[in-house]
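Shown next, in structure tokens, is the structure this report addresses.
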Amino acid sequence: MGPRWLVPGVEGVLLLALVVTTPTRQSDQSPHRRTLVILLLGLVSATTLVSLILLAHFLLQGSKAGGEPLIFAGGVLGATNILIFGIWFWELDRGGPGRRAHDGRESPDFLFPQMSEPRLAAGWRPRFVDYLYTSYTNAAAFSPTDTLPLTAMAKLLMAIQSFIALVTLLLVVSRAVNVLG
């Protein structure tokens, strides 16, 4: 399937670029920077999808992969899935971090529990870790948990993330059962 380091290496470089450009910026977001972030995010998402397709092809064609490389591949895909969608959610909600920092008056794409009872969390605003946690719980439960998607795009992204997590888990578990059996 080519060099073992290629896909994880590309994903790692692109994720590093996203982490550097995305969670730290607040109100000084230029349109060019947002476009760059969205393009990088799309590229990382496509790379992850290719990784999942390659893993599925590799396993369904009767690979003789041992448990350790399979667990590693599944772990990399799972962690990348959580990070990518955490950044997607961060970029999507209310037009992105720049627009949220300026006015915050746009309708939210996600309903966090703190937004349901503002008197219990006065002045609370979602931060990157809240979106990352939403991504983690969505991938782990294969559905939204405490944070609800309110828009069609948020629902679609959460469904795609759950599908990727479920397929990754099914591929790794089914191969592990086959190896043990």
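Remarks
- Rounded to the nearest 20 debye, the dipole size of region 31-170 about its Cα centre is 280 debye, using +1 on the Cβ of Lys and Arg and -1 on the Cβ of Asp and Glu.
- 37 °C / 0.692 mPa s Stokes-Einstein diffusion coefficient of region 122-181, Kirkwood radius on C-alpha pairs, µm²/s: 252
- Cβ-derived FRET efficiency at R0 25 Å, Ser107 paired with Asp146, nearest 0.05: 0.80
- Prolate/oblate/rounded label for region 82-167 (Cα gyration tensor, a/c 1.5): prolate
- The share of accessible area on region 75-181 that comes from carbon and sulfur is 66 percent, using a 1.4 angstrom probe.
- In plain terms, the chain from Val50 to Ala121 could stretch by 21.5 nm, reckoned as 0.36 nm per residue minus the Cα-Cα distance.
- Solvent exposure of region 67-123 as accessible area per residue, Å², 1.4 Å probe: 49
- Heavy atoms of Val50 accessible to a 1.4 Å probe, total area in Å² rounded to 10: 70
- Note on Gln61/Phe163: beta-carbon distance plugged into 1/(1 + (r/R0)^6) with R0 of 30 Å gives a FRET efficiency of 0.90.
- Backbone phi angles across region 132-139, fed through the Karplus curve with coefficients 6.51, -1.76 and 1.60 (θ = phi - 60°), yield HN-Hα couplings of 5, 5, 4, 5, 4, 5, 5, 5 Hz in residue order; Gly and Pro are listed as x.
The values are calculated or read from the model by the stated rules, or taken from the named source; none is laboratory data. Keep in mind the model is a prediction, meaning the values are calculated, not measured. Methodologically, a virtual Cβ is constructed for each residue, glycine included, from the backbone with ideal geometry; neighbour enumeration extends over all protein chains shown. Surface accessibility is based on the protein's heavy atoms, side chains included, excluding ligands, DNA and RNA. Shrake-Rupley method; radii C 1.70, N 1.55, O 1.52, S 1.80 Å.
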